[in-house]
Amino acid sequence: MDYSPVILKNKGVPCEFVKTQKSGDVWERVYKEDGEIEKVTYHVKFTNNAISDIELHFNGLEAWQEKLEKLPITTVRQTLAFALRKDVLEIGEAMLDGEVVMYSNVVGTAWSIANGVDPTIASRMLWQSVGLANEQRETLNKELSKSLEKIDSSLGLSGTDSGPKRASRSKNSGN
């Protein structure tokens, strides 16, 4: 991604999404011939119209920030819809799976630029957040792999837990 200060200031923060198309009343993902999703890049920028929409929808910017903490996926999805001038259901379908942290970082960076943060600083901040998100993902994958190895080594030959079997059910109430 090009996170150069000029791009961030003028076009917005570039961000990958899944390409979507409308089929009847439903937004669907677009797939390539090999079955992989087709991606598009949108630039997230907070214009006065987008900020106004956020204020109205969430009953103020403070309430919006509280919602970002309490309902992050729902709020980021709605925020991106306002910033990109797209249908909220389209944005929800277009958001890449497992990338909520990235979308949150994009929203935070675009918001900081809209509030006067120097795009050069915002660019550095975004690169750092991308690096941290990647580190978190790698750490999580390593920890999950370790947990799976422990589980695999504790299973018996048949794939069932080794150890004592459960007691059989009583055929009467014990009276």
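I want the local charge near residue 90. Using Cβ-Cβ distances under 13 Å, sum +1 for each Lys or Arg and -1 for each Asp or Glu among the other residues.
+2
Between residue 153 and residue 96, what length in nm is gained on full extension when 0.36 nm per residue of separation is reduced by their alpha carbon distance?
17.1 nm
Report the FRET efficiency, 1/(1 + (r/R0)^6), for residue 117 and residue 55, where r is their Cβ-Cβ distance and R0 is 22 Å, rounded to 0.05.
0.65
Estimate the FRET efficiency between residue 34 and residue 1 by the formula 1/(1 + (r/R0)^6), using the beta-carbon distance for r and 22 Å for R0, to the nearest 0.05.
Efficiency computed from Cβ-Cβ geometry: 0.45.
List, in the order given, every pair from 19/86; 22/86; 9/67 whose Cα-Cα distance in the structure shown is over 22 Å.
Listed pairs above 22 Å: 9/67.
A short reminder: the numbers here are calculations on the coordinates, not readings from a lab. Treat the numbers as computed from the prediction; the structure is a model and nothing was measured. Don't worry about glycine lacking a Cβ; one is built from the backbone with ideal geometry, like all the others, and counts go over all protein chains shown.
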